[in-house]
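Report on the following structure.
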Amino acid sequence: MDYPVESFTDSERAALAPYFTNLDRPVFGLVNLPETVKGALFARYSRYQGTLRRLFLDEFVDDVAGATAAAWDGAEGERAAKLYERIFLGYGDDSVAQLGGAHVACEWTSNVLTKILQRPRLGAYLEQSTRYIAYDAPMPGGAYRYYSEPELGPEYRSAMDELFSTYSAALPEVTAWAAERFPRGDDEPETAHARAIKAKSLDLLRGLLPAASLSHMGIFATGQTYEQLVLHLLAHPLPEAQAYGRMILDEIKAVMPSFVARVERPDRGGEWVSYLQERDEAARSWAARLGLDRPAADRGPSVRLLEVDGDVERLLAALLFEASAASEEQARIAVASLSAEQQSELLADLVGERRNRRYRPGRGLETLRYRFEIVSDYGAFRDLQRHRMLTCQWQTLSPELGAGVPEEVDAAGQGDAYRRALERSRDEHDRLVEAGLERAAPYALCLGYRIRYVLELNAREAMQLIELRSGREGHPTYRAVAHEMHAQIAAVHPAVAAAMTHVDRDSEPRLERILSEMRTQARALA
């Protein structure tokens, strides 16, 4: 893909040079900046329309100007490099690679690639959000914001342009409908209400955007995590992933080259990449041999609790373990003697009064595990997949599980246009498959199409995910998943579900972001 290259004036380039490893490539490292500034940059990034370097010029350069006079020269320090080589390469202590980290920005990445980039658990990620950023404006150069390669053909570009045109035409119509449907209350500031209306409109229409839609991402991770990420990218069949693997490797080499020294060694990184490719091919081959490569006939969204590991008695024993002097087996015997009502009372006492969802109970809840199989639209999957402390596995995005049209889009008079876009998306996906481009075909599918995935998580992680994703500010599609996960946990472990006291069960249509925007407005005024 020909990535957009941003233009900067000579004075802007001079201001940027000390803080970015390059000024003309889509992947770059952040250097010579305080950790708080880098964190604030990435936090602001998710709701900023432009690129990170432009954001830095617009909002941050005055705060750090003069902090350093020299441009980044790529030197990590000879002494540090020699020490690292002696400890890491000489003694094989991989944990040393966990002690150094880097901020890397990845721009113009497709929504297919963002999921690959976010797969490592031990990293921090912030992604530009389709809930706050409108995709109706073109990129530098005039094209809409979608990933493209010449091999995908002119038909692909025509289909993507049509999807974005539909989105762009529907956005003002849905915004006008939302403003009428949810008029501003007397206690709602005008600017907060306007932002909430915009968020509502973007939420309703994000299913029109294809998985090829381009996003910006910020990553902070250790050297060990970057090494594993680069290896997986280089082994991936998608050219976009391989290109980003090479670019990320170049930027980490510019910041801390010793941490990724093994990647380019044929006997280390080369063999690891070959292993990952062979593993992927073996799984695909066996799936075909067993007839598992054909999609199931079931369609529509669903949440199924596949497996439960553990019981409440084991949970209570684990919660008591650190406070006791007895063995866990003795604790289990003791709690087994209690009635069901007493066990519920004990669990409530051990969980305590949780004044908000950030009050989290002890690690004893990690003794219970749940494995869910979920079918939801790709947009909801994108949000749920980002949770770090769980196991997420997903299948290839395809049109076989169907797609839905939000009721409110129909109410806004844009339902038929939405359906036509879904069909156009599916037709282009099928054309790419028939052309032998099966791996790239998901780019063409709208985020409204459904995907099957598995989330395996313990009760403590389930509490965090369900309470967060059921919140009133959340997107309706992933709120529905959170509600159903909570209901199915309640069916097997009612006391555990009862401990999730900050689940928002309201499912009525509403202006989701208004309270959050009002709080933001109040803080700004204060």
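The values are calculated or read from the model by the stated rules, or taken from the named source; none is laboratory data. Here the structure is a predicted model, which means the values were calculated and not measured. Here Cβ is always computed from backbone atoms with ideal geometry, including for glycine, and neighbour counts include all displayed protein chains. All accessible areas refer to the heavy atoms of the entire protein, side chains included, with ligands and DNA or RNA removed. Shrake-Rupley method; radii C 1.70, N 1.55, O 1.52, S 1.80 Å.
Table: residues versus (1) under 16 Å from residue 128 (Cα atoms); (2) open to solvent by 40 Å² or more (accessible area, probe 1.4 Å).
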| residue | (1), (2) |
| --- | --- |
| 7 | no, yes |
| 20 | no, no |
| 43 | yes, yes |
| 47 | yes, yes |
| 55 | yes, no |
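Could you tell me whether residue 107 is of a type outside the set (Val, Ile, Thr), at pLDDT 90 or above and within 30 Å of residue 523 (Cβ to Cβ)? Yes; evaluated as a whole, the condition is true for this residue. Quick check: anything in region 472-485 open to solvent by 20 Å² or more (accessible area, probe 1.4 Å), polar (S, T, N, Q) and part of a helix (DSSP H, G or I)? Within region 472-485, one or more residues are open to solvent by 20 Å² or more (accessible area, probe 1.4 Å), polar (S, T, N, Q) and part of a helix (DSSP H, G or I). Listed conditions (1) of a type outside the set (Lys, Arg); (2) open to solvent by 50 Å² or more (accessible area, probe 1.4 Å); (3) free of Cβ contacts under 8 Å to residues at least 40 places away in the same chain are all met by residue 413, apart from (3).
Applying the condition of being touching a Leu at 6+ places or on another chain (Cβ under 8 Å) and polar (S, T, N, Q) to region 127-169 and asking which residue is modelled with the highest pLDDT yields 166. Taken over region 189-211, residues that are touching a strand residue (DSSP E or B) at 6+ places or on another chain (Cβ under 9 Å) and of a type in the set (A, V, I, L, M, F, W, C) amount to 3. Out of the residues in region 232-244 that are surrounded by fewer than 23 Cβ atoms within 10 Å (Cβ to Cβ) and of a type outside the set (A, V, I, L, M, F, W, C), state the one that is nearest to residue 114 (Cα to Cα). Only one residue tops the list, namely 240.
Checking each residue in region 289-319 for being within 22 Å of residue 450 (Cα to Cα) and either more than 26 Å from the chain's Cα centre (by Cα) or open to solvent by 50 Å² or more (accessible area, probe 1.4 Å) (or both) picks out 291, 292, 293, 294, 295, 296, 297, 298, 299, 301, 304, 306. Scanning region 320-370 for residues that are touching an Asp or Glu at 6+ places or on another chain (Cβ under 6 Å) and open to solvent by less than 60 Å² (accessible area, probe 1.4 Å) returns 335, 336.
Yes or no: region 67-90 includes at least one residue that is of a type in the set (Ser, Thr, Tyr) and either assigned to a loop (DSSP other than H, G, I, E, B) or at pLDDT below 85 (or both). Yes, region 67-90 contains a residue that is of a type in the set (Ser, Thr, Tyr) and either assigned to a loop (DSSP other than H, G, I, E, B) or at pLDDT below 85 (or both).
Of the residues 508, 428, 517, which single one is closer than 30 Å to residue 195 by Cα and either in contact with a helix residue (DSSP H, G or I) (Cβ under 7 Å, 6 or more places away or on another chain) or not acidic (Asp, Glu) (or both)? Just one listed residue meets the conditions, 517.
Residue count for region 150-174 satisfying the condition of being in contact (Cβ under 8 Å) with a residue 40 or more places away in the chain, more than 26 Å from residue 197 (Cα to Cα) and surrounded by fewer than 16 Cβ atoms within 10 Å (Cβ to Cβ): 2. Answer yes if at least one residue in region 499-519 is crowded, with 21+ Cβ neighbours inside 10 Å, more than 24 Å from residue 378 (Cβ to Cβ) and not hydrophobic (A, V, I, L, M, F, W, C), and no otherwise. Scanning region 499-519, I find at least one residue that is crowded, with 21+ Cβ neighbours inside 10 Å, more than 24 Å from residue 378 (Cβ to Cβ) and not hydrophobic (A, V, I, L, M, F, W, C), so the answer is yes.
All told, residue 375 meets the bar of being surrounded by 13 or more Cβ atoms within 10 Å (Cβ to Cβ), closer than 30 Å to residue 111 by Cα and either without any contact (Cβ under 8 Å) to a residue 40 or more places away in the chain or β-branched (Val, Ile, Thr) (or both). In region 216-231, the residue that is farthest from the chain's Cα centre (by Cα) out of those that are buried (at least 24 other Cβ atoms within 10 Å of the Cβ) and of a type in the set (Gly, Ala, Ser) is 223. In region 439-467, the residues that are farther than 23 Å from residue 424 by Cβ and in contact (Cβ under 8 Å) with a residue 40 or more places away in the chain reach residues that are open to solvent by 10 Å² or more (accessible area, probe 1.4 Å) and assigned to a helix (DSSP H, G or I) with C-beta atoms within less than 6 angstrom, at least six apart or across chains, in these pairs: 458/366; 460/366.
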